[in-house]
Amino acid sequence: MAIKIQKYGFFAECIIHIVYLVSKFALKKVDHYFLDGNPRRLDLPYPTVYIANHVSELDIPGLATIHKRIQNPRIQYTIPVREDIVQKNFLVKEFRPKGILKYILHLIDLTGILPLLFRIVGAVPVKRPFRDNARAMVKDGSLRDQVDKDWTILSDNIDLGKNVVVFPEGVFSEDGNLRVIKNGIAHLSEKKPGLNYFYFNFTYDLLSDKKPCLHIGFGELFQINPASKKEEITSMIKEKLSRAYVVNSANLVSFLILSSDLFVGKDKIWIQKSVMDLAKKIHDKENAMVENALLDSQTETIDRILSVMVKRKLISFSKEGIYAKGPKWEIENNPEKPKSYRKDKPFTYHKNQLRAFEPTLLNSISEYK
C-alpha cells in the first residue's frame, strides 16, 4: 500500500512561525551557508532524515529558520525529544526559577500547552539512556532494548509518511566540537534501507555580540550503503558534520590567538590580514563554508572579537597599539577540562569548532613566522 505523505497544516505552520519569530529575539542573526556557495530553497523529499549537531535549546528556533527555507509542500517531521519535556511541571523542574518567574512558569506548566505544541509540530518523547541512566540500564541488560525501541518509534513514523530529525550525539555538545556519534543512524539505516539523509551544522558565535549569532552550514543529500558497518557510518556522519562548521570571525580569531604566540608584538592590522588570509585559504583548500564578512575583507567583527579578548584578559593591548598575552591566555591553553567551556574557556570553545580544519590552519599559521 502506498504511503500517504503527511504535510503540515495551517495551524502547525503558525506554531512553527511563532518559533521562527523567537529566533529574531533570541539570536542576533541567523545566516545560512551552502557548500557550493549558492543560496537556494531546500528540496528535501520524503523520506529524508535530517542530521544535525546539538548545541543548545536555541537549536529549535534554528530549525524553524531551516523550515522556512524548505520548498513547499513541507513534509511533517518526527523530532525525538526528551521524555520529561512532555511531562508535568517541566519548566519549573528544568529552569528552577525563583520569585515571580517561578509562578509564571508554573502557570504555563498547568495549562499543558507546551506538550500540546510539541506534539503538533511532530515531537516524539523518547528516553535518553546515554544521559540519564545508562549505567543502570547496562547493568540490568535493558540498554540495547531501549535504544532499539526508541529507533523503532522513529522508523514507524517514517512509515506514517513523515521525515525525521536526528541529533546523533544524543546530548548537547560540550567543548564546541562534536561529542561521540551514537549508533542511532546505523540502527535506522539497518531498519529502513534506502532513506535519504541530509546534514547541517549549528555553529554559534557567542563572542561578537551580547546575543548569540547562529551560522547554519548546509551539507548535501546522501544515502548510506547497506553494506556499511556501524563504525563506518558513525565515522562518516562525524566527518560530514565536522566539516559543516561555518568558519567565522569568532572561531577563526580564537584559533589564531590560541594556536601560537605569533600575535605577540603585532598590531591590529597584522591580525586582521592574517585572519582574512586564513579564511581565504581554508575556503579554497578545504571547501569550508566561511562567513561572508571574512571573504569580503570586512574587519568590524574581527575588531569586536579582539576587544572582547582584551576585556576578558586573554590578550593585552598597549598604548603603542601592540598586542601581548594576557593572564587568561595560559588558562585557555591549559588542557585541563573546565566545568563549562562556554563560561570558563569561551575562546577554546570557539577554537574547537574548527578541529576538522586544524592541520590546514596550523600549516598556514606557521608560514607567518
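The values are calculated or read from the model by the stated rules, or taken from the named source; none is laboratory data. Computed from a predicted structure; not experimentally measured. Reconstructed Cβ throughout: ideal geometry from the backbone, glycine too, with neighbour counts over all protein chains shown.
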Item to complete: Filter region 255-278 down to residues that are loosely packed, with under 15 Cβ neighbours inside 10 Å and either of a type in the set (Gly, Ala, Ser) or in contact with a strand residue (DSSP E or B) (Cβ under 8 Å, 6 or more places away or on another chain) (or both) and give me whichever is nearest to Ile302 (Cα to Cα).
Response: Asp267
Worksheet, complete the sentence: Inside region 324-367, the number of residues satisfying the requirement of being in contact with a helix residue (DSSP H, G or I) (Cβ under 7 Å, 6 or more places away or on another chain) and closer than 19 Å to Gln272 by Cβ is 7
Item to complete: May I ask you to verify whether Arg82 is within 30 Å of Phe198 (Cβ to Cβ) and either over 25 Å from the mean Cα position of the chain (by Cα) or not assigned by TED's automatic domain parsing to the domain that holds Asn157 (or both)?
Response: yes
Worksheet entry | So Glu286, is it among the acidic types (Asp, Glu), buried (at least 18 other Cβ atoms within 10 Å of the Cβ) and in contact (Cβ under 8 Å) with a residue 40 or more places away in the chain | no
Item to complete: Determine if region 5-17 includes at least one residue that is under 30 Å from His187 (Cα atoms), touching a residue at least 24 places away in the same chain (Cβ under 8 Å), basic (Lys, Arg) and touching a Gly at 6+ places or on another chain (Cβ under 9 Å).
Response: yes
Worksheet item: How many of the residues making up region 341-369 are closer than 22 Å to Phe202 by Cβ and surrounded by 12 or more Cβ atoms within 10 Å (Cβ to Cβ)?
Response: 18
Discussion item. Exactly one of these conditions fails for Ser316: (1) closer than 30 Å to Phe34 by Cβ; (2) hydroxyl-bearing (Ser, Thr, Tyr); (3) modelled with pLDDT of 95 or more; (4) not in a helix (DSSP H, G or I). Give me its number.
Written reply: (1)
Worksheet, complete the sentence: Sole miss for Asn251 among (1) assigned to a helix (DSSP H, G or I); (2) of a type outside the set (Lys, Arg); (3) free of Cβ contacts under 8 Å to residues at least 60 places away in the same chain is condition (3)
Fill in: Any chance Asn333 is in contact (Cβ under 8 Å) with a residue 24 or more places away in the chain and buried (at least 19 other Cβ atoms within 10 Å of the Cβ)
no
Item to complete: Collect the residues in region 19-28 that are under 19 Å from Leu207 (Cβ atoms) and either among the aliphatic types (A, V, I, L, M) or exposed (fewer than 12 other Cβ atoms within 10 Å of the Cβ) (or both), keeping them in residue-number order.
Response: Ala26, Leu27
Discussion item. If I filter region 44-63 for residues that are crowded, with 19+ Cβ neighbours inside 10 Å, polar (S, T, N, Q) and assigned by TED's automatic domain parsing to the domain that holds Thr203, do I get at least one hit?
Written reply: yes
Practice prompt. State whether one or more residues within region 75-89 are aliphatic (A, V, I, L, M), modelled with pLDDT of 90 or more and in contact with a Lys or Arg (Cβ under 7 Å, 6 or more places away or on another chain).
Written response: yes
Item to complete: Give the number of residues within region 217-248 that are surrounded by 18 or more Cβ atoms within 10 Å (Cβ to Cβ), of a type in the set (A, V, I, L, M, F, W, C) and part of a strand (DSSP E or B).
Response: 2
Worksheet item: Residues of region 275-295 being closer than 13 Å to Asn248 by Cβ and outside any helix (DSSP H, G or I), which ones?
Response: Ala288, Met289, Val290, Glu291
